[in-house]
Amino acid sequence: MASRAPRSIRIAALVLAGCGPAPAEPCTLCALTDANNYSWSGALEVQQWQLQAGADVQLSWPQLTHDLYGGALDPAEDVERVALLAMPQLSPAEVTEGLASDKLLASDAALIVFCEPDGTRCPLSDFELFGSDLDVEAYFVEDTGTWVAALLTADDTIASVGFLLPEADSLLTEVEFTDDTSTLTVAVDLESLTPVLVPADQSFVVDWSGLTHDGLGNDLSIDTIDRLLVGRLDGSPDSLEAEVYDLDNTADPVWTLDVSGSSADLGALVGETAFGGIDGEGSWVLALYCTACLNPAPRFATLLASP
Amino acid sequence: MTFTAAKLRLPPLSCPGTFRHSRVPVILLLLAGCQPASDGPVVDADCPVDQDLFASLAPRLAPVETVVVAAWETTEAVEARVLYVDTNDPDSTLSTPWSTSGTAGLINLLGLRPNRTIELQIEARGAGDATDSERRCSPSATLPTGSLPSALPETVVTTFDEGRDVLGWHTVAVIRSDDSLATIVDAEGQFVWATEVASPVFRATLSVDGTAMLSNQPADLWTGTGTLWRTPLGEGDVTRIDVVGSHTDFVELPDGTLATLGWTNRLYADDTRNLLGDTIIEVSPDGTQTIVWDIFDHFVPSLSGQYAPSPAAVGDEQPQLEEWSHVNSISYDAASDDYLVTGSFNHSVMRIDRGTGDMVWTLTDGGGATDWQVNSEERELELPHSAQLIDDHTVLAFSRGPVGSEADPAACAWVTELALDDSTGAANPLLHYSSNDCVTVPFLGEARRIDGGNTTITWSPAGRISQIDADLSVVFQVDLDLGAAFGFGEWSADLYRSDDL
């Protein structure tokens, strides 16, 4: 455990060194602010295919083994739906940017249809909307913008995403999604945030009503926050960059809580044990999630430090 | 004037009881949105507090936690209303309509934002005291509103032309891939009421009596059961009415009768052709269900070609069920007691006499048997999906356009207003509007004329509601995040119906 001590010291040092206006006293009623929040940025790369316009294009993914955020998946079991969206006003680059930053609106899509896969494949002709067959192939013609096919898991996490471009001259009618079809490179900044100073070995209350922006840089609607996580990471805070999408599994111990409103008593956290506050081991993180949002990255994540 | 809560028999703290007698620090109470009872009336400082009149005042949250249920008792019969204010906006005191005279009352405070602190008072006056000359008020009480379902998508107001928009409320269905919600959106594009109902629901609308949200879950098979849901805005039980074949749309009549589109079929060509058609089914307040209109009684299908297989078919139904009339919206005109429905089979608006079930007229834009023929160089009615009778000779309609056809696979949807000219039999366009960014609407879609002359447009699958003025300028627009859609809805100037309090 000797290796962990310097990390705690480092967090404290960040506070003492003046990385943001650190509170002098630990809080038991902790008002979270934008200064406490991490920042997230992502670079998304998406493969695109020129496909025969009007064709009953076959989508398949038998070799897909990881989702967009690095989680392992079974291609036959874990891809529960495929969403197909036509975005007539947006280029592939604009869709990529919108997906990464979570800024796409429903009105950006002229058409959204869904397919429940037969194994690991969905032809365009199987896509429908609430039981209505919309003859998707008839829509899939040139000059209808960027078509986005998103493979979704049970909780609507994007397993993979690809761009389909209808071209009259193309003869291609099949595409196969692999782990290389879409890649997301994430950069997380935890060094610029002001850690939240809390007492050791004691639960506390957090209030996030004062947050105005999420870690992605977007305006934050408080009402979308519906899950809270507190956990300890063995690695340094830097390791959160790799683990930001998987804190449930990488933090140990970890506690979670379904939340509504804008505050929560962490005494209500659910984990293998009751939450009794943080200790001096490892790096402690508190994250707030919007589970209905497209990007599953925490809307808020901060480090907890004790004196 | 000073008073104590005990003397008034009011709770010392108008917050959930877990805090009431605990030693929770005041700052925690404030964080939770709770405040001790005030030392004086702060909602309306000019209204004299009568501590002897109000025997009790116990505000509480309804199941939808943005609704504050204000219930009170008085020591004498009075008319009363609730004065209330969101403490985030302390300069905007609101009031409910007056209640009828009595010694007890209950009013649901509607239109409140989630997670806000609401301060309220009951204002009383003698029966018939229209001048409010002897008004008296209760002490103030405070209550935090709760949260709305986390399944709600975020809204983004993309246009807000203050002064040109007509302020009001949209009750509207929100449809996601796995769940649906009946919601109310305020004039600033924020959700103020929402509840998850069965999925999908296509229309959400306030009940005529103003006490409930009505919504519909369509049948997925033509012999299946659709459901009309009634969810109290405040407290009470959710009720349901199952209607075989109920699909797509419904409307409530002033007497509480519900009229829903229904499905029926008819066999043709020596029983080798099986065509799906539509009905109107009325559900009276006592639950009686009556088919008041059957399209097969008024139109003879052309059998020259095959219609598309219907997704509402039951299994491998033989002969194959063909999607023929595809009636997809219904509205009601109280002045004439007529229904308006839209049909895809002839790109028409059909006006139906409710009392007899007879056709009053048919308006089409494509030739064929019709009473009114559109007179325009532009296409004005194509796959219409809503129609509203503005007056006896003016129709507002929403058209999805030729979506999905090879001719125009990404057609913009549009709204058209047509004036019916008795002398020529022509329907002349008064208005034709499509969005500058060409919104495609392959599913639902609706336009409604609202108070003040503006028009609201619900571009359903695009997750957008627009309000345009007479100059066709967008004066208000709200968009949903990607992944959610609007269904059908309704615009209301006021959430309160004064005659039901």
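The values are calculated or read from the model by the stated rules, or taken from the named source; none is laboratory data. What you see is a predicted model; the values in this text were computed from it and never measured. Here Cβ is always computed from backbone atoms with ideal geometry, including for glycine, and neighbour counts include all displayed protein chains.
Condition check for A:Phe300 on (1) closer than 19 Å to A:Ser192 by Cα; (2) within 13 Å of chain B (Cβ to nearest Cβ): one failure, at (2). Looking across region B:473-493 at every residue that is part of a loop (DSSP other than H, G, I, E, B) and aliphatic (A, V, I, L, M), the one that is surrounded by the fewest Cβ atoms within 10 Å (Cβ to Cβ) is identified as B:Ala493. Total residues in region B:424-472 satisfying the condition of being within 14 Å of chain A (Cβ to nearest Cβ), touching a helix residue (DSSP H, G or I) at 6+ places or on another chain (Cβ under 8 Å) and outside any loop (DSSP other than H, G, I, E, B): the figure is 4. Output the number of the condition that A:Ala274 fails; it satisfies all remaining conditions of (1) within 22 Å of B:Ser150 (Cβ to Cβ); (2) of a type in the set (Gly, Ala, Ser); (3) in a loop (DSSP other than H, G, I, E, B). Here A:Ala274 clears every test but (1).
With respect to the conditions (1) surrounded by fewer than 16 Cβ atoms within 10 Å (Cβ to Cβ); (2) among the acidic types (Asp, Glu); (3) touching an Asp or Glu at 6+ places or on another chain (Cβ under 7 Å), A:Asp226 lacks only one, and its number is (1). Would you tally the residues in region B:287-325 being among the charged types (D, E, K, R) and within 18 Å of B:Gly343 (Cα to Cα)? The qualifying residues number 4.
Please enumerate the residues belonging to region B:362-380 that are closer than 30 Å to B:Thr290 by Cα and either in a loop (DSSP other than H, G, I, E, B) or touching a residue at least 40 places away in the same chain (Cβ under 8 Å) (or both). Quick ask: steps written out before the conclusion?
Pass one, region B:362-380, residues closer than 30 Å to B:Thr290 by Cα: B:362-364, B:369-372.
Matches in region B:362-380: B:Leu363, B:Ala369, B:Thr370, B:Asp371, B:Trp372.
Looking at region A:226-243, can you tell me whether even one residue there is touching a Leu at 6+ places or on another chain (Cβ under 8 Å), under 30 Å from B:Val157 (Cα atoms) and either among the basic types (Lys, Arg) or in the same structural domain as A:Leu294 (by TED's automatic domain parsing) (or both)? Yes. Can you find even one residue in region B:201-223 that is touching a strand residue (DSSP E or B) at 6+ places or on another chain (Cβ under 6 Å), in contact (Cβ under 8 Å) with a residue 12 or more places away in the chain and charged (D, E, K, R)? Looking through region B:201-223, at least one residue is touching a strand residue (DSSP E or B) at 6+ places or on another chain (Cβ under 6 Å), in contact (Cβ under 8 Å) with a residue 12 or more places away in the chain and charged (D, E, K, R).
Within region A:232-259, restricting attention to residues that are of a type in the set (S, T, N, Q) and buried (at least 18 other Cβ atoms within 10 Å of the Cβ), which residue is nearest to A:Gly70 (Cα to Cα)?
Of all residues in region A:232-259, those of a type in the set (S, T, N, Q) come to A:236, A:239, A:249-250, A:256.
Add one more test, that the residue is buried (at least 18 other Cβ atoms within 10 Å of the Cβ), and what stays is A:250, A:256.
Numbers: A:Thr250: 13, A:Thr256: 21 Å.
Per the stated criteria, the residue is A:Thr250.
In contact (Cβ under 8 Å) with a residue 24 or more places away in the chain, touching an Asp or Glu at 6+ places or on another chain (Cβ under 9 Å), more than 14 Å from chain B (Cβ to nearest Cβ) and of a type in the set (Phe, Trp, Tyr), is that true of A:Trp255? Taking the combined requirement at face value, the residue satisfies it.
Looking only at region A:125-175, residues that are at pLDDT below 85, surrounded by fewer than 15 Cβ atoms within 10 Å (Cβ to Cβ) and more than 9 Å from every other protein chain (Cβ to nearest Cβ) come to 1 in all. Any chance region B:186-193 includes a residue that's under 13 Å from the mean Cα position of the chain (by Cα), under 30 Å from B:Gln477 (Cβ atoms) and more than 14 Å from every other protein chain (Cβ to nearest Cβ)? Checked region B:186-193: no residue is under 13 Å from the mean Cα position of the chain (by Cα), under 30 Å from B:Gln477 (Cβ atoms) and more than 14 Å from every other protein chain (Cβ to nearest Cβ). Can you confirm whether B:Gly343 is free of Cβ contacts under 8 Å to residues at least 40 places away in the same chain and under 20 Å from B:Ala411 (Cβ atoms)? For B:Gly343, the condition - free of Cβ contacts under 8 Å to residues at least 40 places away in the same chain and under 20 Å from B:Ala411 (Cβ atoms) - is not met. Could you look through region B:310-332, keep only residues that are free of Cβ contacts under 8 Å to residues at least 60 places away in the same chain and outside any loop (DSSP other than H, G, I, E, B), and pick out the one that is nearest to the chain's Cα centre (by Cα)? Filtering region B:310-332 for residues that are free of Cβ contacts under 8 Å to residues at least 60 places away in the same chain and outside any loop (DSSP other than H, G, I, E, B), the one nearest to the chain's Cα centre (by Cα) comes out as B:Glu323.
Let me confirm something: among A:Gly231, A:Gly235, A:Gly215, which residue is touching a residue at least 24 places away in the same chain (Cβ under 8 Å), more than 22 Å from A:Cys30 (Cα to Cα) and more than 14 Å from chain B (Cβ to nearest Cβ)? First the steps, then the outcome.
Working: A:Gly231 fails: more than 22 Å from A:Cys30 (Cα to Cα); A:Gly215 fails: more than 22 Å from A:Cys30 (Cα to Cα).
After ruling out the rest, the residue left standing is A:Gly235.
Is it the case that some residue within region A:183-193 is at pLDDT 95 or above and over 19 Å from A:Ala43 (Cβ atoms)? Even if it seems obvious, please write down each step before you answer.
So the first thing to find is which residues in region A:183-193 are at pLDDT 95 or above, and the list is none.
No, region A:183-193 has no match at all.
For region A:194-207, check the following and say yes or no: at least one residue is within 30 Å of B:Pro149 (Cβ to Cβ), within 14 Å of chain B (Cβ to nearest Cβ) and surrounded by fewer than 16 Cβ atoms within 10 Å (Cβ to Cβ). No, that holds for no residue. Residues of region B:161-189 that are touching a Ser or Thr at 6+ places or on another chain (Cβ under 7 Å), in a loop (DSSP other than H, G, I, E, B) and buried (at least 19 other Cβ atoms within 10 Å of the Cβ): B:Gly168, B:Gly189.
Scan region A:85-94 for residues that are under 24 Å from A:Asp135 (Cα atoms) and of a type outside the set (Ser, Thr, Tyr) and jot them down.
Keep residues of region A:85-94 that are under 24 Å from A:Asp135 (Cα atoms), which gives A:85-92.
Within region A:85-94, A:Leu85, A:Ala86, A:Met87, A:Pro88, A:Gln89, A:Leu90, A:Pro92 qualify.
Within region A:277-296, is even one residue in contact with a Lys or Arg (Cβ under 6 Å, 6 or more places away or on another chain), within 14 Å of another protein chain (Cβ to nearest Cβ) and of a type in the set (Ser, Thr, Tyr)? Yes, region A:277-296 contains a residue that is in contact with a Lys or Arg (Cβ under 6 Å, 6 or more places away or on another chain), within 14 Å of another protein chain (Cβ to nearest Cβ) and of a type in the set (Ser, Thr, Tyr). Number of residues in region A:98-118 that are over 17 Å from A:Asp135 (Cβ atoms) and touching a residue at least 12 places away in the same chain (Cβ under 8 Å) equals 10.
Among the conditions (1) more than 11 Å from every other protein chain (Cβ to nearest Cβ); (2) free of Cβ contacts under 8 Å to residues at least 60 places away in the same chain, the only one that A:Tyr69 does not satisfy is (2). Annotation: of all residues in region B:445-465 being under 19 Å from A:Ile112 (Cβ atoms) and among the hydroxyl-bearing types (Ser, Thr, Tyr), the one that is farthest from the chain's Cα centre (by Cα) is B:Ser460. Of the residues making up region B:50-92, not one is without any contact (Cβ under 8 Å) to a residue 12 or more places away in the chain and either touching a Gly at 6+ places or on another chain (Cβ under 6 Å) or in the same structural domain as B:Val192 (by TED's automatic domain parsing) (or both).
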